[in-house]
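This report concerns only the one structure given below.
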Amino acid sequence: MIEFIGVSKAFPEGNHAVENINLKIEDGEFVFIVGPSGAGKSTMLKLIMREEVPSSGKVIVNGRDLTKMKRRQVPYLRRTMGIVFQDFRLIDKMTVFENVAFAMRVIGAKQSEIKKRVMAVLDLVGLEEMASRHPSELSGGEQQRVSLARALVNKPSLIIADEPTGNIDPKRSYEIMKILKEINKMGTTVLVVTHEHTLVNQIPGRVIVLKDGEIVKDTAQEYYAQREKEERKSQAEISRFEESADTQQENIGADEEINGSEENEN
Amino acid sequence: MYFLKEGLKNMTHNRMMTLASIGVLIAGMLLTGTAALFSMNVKLMIEEVGDSNVTSVYLKDDIKSEEDAMVIGEELNKLGNVSTVEFYSRDEAIKEYREALGEEVFANMQGDNNPLPHVFKITLSDISKYEETMAQVMSIDGVDSVGNRSEVAGKLTDLNETVTNLSFWIVIALGLISLFVISNTIRMSMYSRRFEISIMKSVGATNSFVRIPFIIEGMVIGFISGIIASVIMYFLYDVLVSALNNIFVLNAIPFMSVLVYIIVGFIVAGMAIGAVGGAISIRKHLKKEGKEVLNW
């Protein structure tokens, strides 16, 4: 969970500041942060990553007040987040596999674990076969998927994507967003900063609009209502499934059936 | 293993700077080594010289013949505190000079043209009565002066002190220069890898994890410098010993007996300077990098 309580951040140059932001993002949400450049979108992300410390107010991530966090704890905070950059930030000397593995290696993961996990995430983003290629041999969309795989490889509870589709064509952009949506369905909170309204309209999610450092619009209520509706729908499906299962096999316990249906969903 | 590999990779990034650091470090080590070996040998010399109570008795210039000299030798022998008397003729002396310094210079200084006096080398049985005995020696007719080797010892001590003081400051200066060059080398390799560092930081690598390859880079530079400096020192030592032999003929400390200390000393010092140099530059960089993870 991410919480901003009366957060302001001023910069000496005056740009990119945010002013009195109050915000709560629950686990598992899919959030768009939109707004013109200089509105403070990136500043918000930096505050969440503790790249910046607010001038006043509090930023709380997963119950921890970042304003009170010690410097040496910051790396451990970042391990709970995966970051996707607009310019991909891939190391061209390394293969796709190594780029993704790099993120695990630098936090001290074991080699055997790295092998298993990297292939799994490359599979998830559909780049299994590109593992031994170098980033420069890939298209923009593919590079961004590598970057996504790298963000995912350490199993973060939050994905932060800063203009993830800024450098790729619309069709590929939609693919990236679909993958992000998939990741979100698995329970990861996803935060996307973008200025592409078409994407925002195509993908359902909570939309926070920033202007001059202030939140001018937040579709939280509609988003929650929508989510609740979806949940009810899937709940209904589960119970319908249960009922039919009950009638077919009366001897099986209810717990096991729920487990079974959850697996089906995934 | 990962760290070592990364550290070595860093070194090849900036070959010129790496070589420069190695060069400066070697220079520093050689100077330190030379000064240390010089000092050790001079101390050994001083001990040798100081321990022996041999005193040279120089005869007056007008005593040319060895027969005349022998008369004085007899008188020296009669003195109570003198245990041995050894004659050292002016011909012998000039011959030695000629051998040591070259035929040409002393070619026409033979026979009557020899400017050197006859010398007796006497040993005293009781060195504490030195002053008294010397007064008696001086009173013998035909004795010009007495020279004590403790004078040589005194000069050597002075020389040793000068060299030690001078080299101390030069070593300090070179140490600082090495530190500066190494930390700059590492700063450059850090600069060329700033992109990777920013990615490392964004995925949550700890500062020490980022730091270690650079410190290893510094230590490897120090290690290589130490090895090379040891080898050069081995050859340089011969030159040093022959230079010292011009001042005073001595049994120099054999290089092999100090070899281990030299190698270990050089390598440890090099690695320490390298590690400190690496730590200095990365510390600054990481503080800055903290604000620039995303480069937005």
Practice problem: Restricting attention to region B:9-18, report how many residues are assigned to a helix (DSSP H, G or I) and surrounded by 14 or more Cβ atoms within 10 Å (Cβ to Cβ). | Solution: 6
Quiz item: Which of the residues belonging to region A:41-98 are of a type in the set (S, T, N, Q), surrounded by 19 or more Cβ atoms within 10 Å (Cβ to Cβ) and part of a helix (DSSP H, G or I)?
Solution: A:42, A:43
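What is the residue count in region B:176-195 for residues that are surrounded by 19 or more Cβ atoms within 10 Å (Cβ to Cβ) and not polar (S, T, N, Q)?
So the answer is 7.
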Practice problem: Filter region A:171-195 down to residues that are touching a helix residue (DSSP H, G or I) at 6+ places or on another chain (Cβ under 7 Å) and either in a helix (DSSP H, G or I) or more than 26 Å from residue A:39 (Cβ to Cβ) (or both), then give me how many there are. | Solution: 8
Quiz item: In the set B:74, B:86, B:67, B:92, which member is surrounded by fewer than 16 Cβ atoms within 10 Å (Cβ to Cβ) and under 33 Å from the mean Cα position of the chain (by Cα)?
Solution: B:92
Quiz item: Does region A:144-193 hold any residues that are at pLDDT below 90 and polar (S, T, N, Q), and which are they?
Solution: A:165, A:167, A:173
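Could you identify the single residue in B:190, B:219, B:200, B:233 that is within 26 Å of residue A:79 (Cβ to Cβ), in contact with a helix residue (DSSP H, G or I) (Cβ under 7 Å, 6 or more places away or on another chain), away from chain A (no Cβ under 14 Å) and of a type outside the set (S, T, N, Q)?
Only one candidate passes the filter, namely B:190.
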Exercise. Search region B:209-220 for residues that are assigned to a helix (DSSP H, G or I) and pair each with any residue that is acidic (Asp, Glu) when their beta-carbon atoms are under 7 Å apart and the residues are at least 6 apart or on different chains.
Key: B:213/B:6
Quiz item: Among (1) part of a helix (DSSP H, G or I); (2) among the β-branched types (Val, Ile, Thr); (3) at pLDDT 75 or above, which single condition is residue B:49 missing?
Solution: (3)
Quiz item: If you take the residues in region A:2-58 that are within 14 Å of chain B (Cβ to nearest Cβ) and of a type in the set (Ser, Thr, Tyr), which one is farthest from the chain's Cα centre (by Cα)?
Solution: A:37
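The values are calculated or read from the model by the stated rules, or taken from the named source; none is laboratory data. Values in this document were obtained by computation on a predicted structure and should not be read as measured data. With ideal geometry, Cβ positions are generated from the backbone for all residues, glycine too; neighbour counts draw on all protein chains shown.
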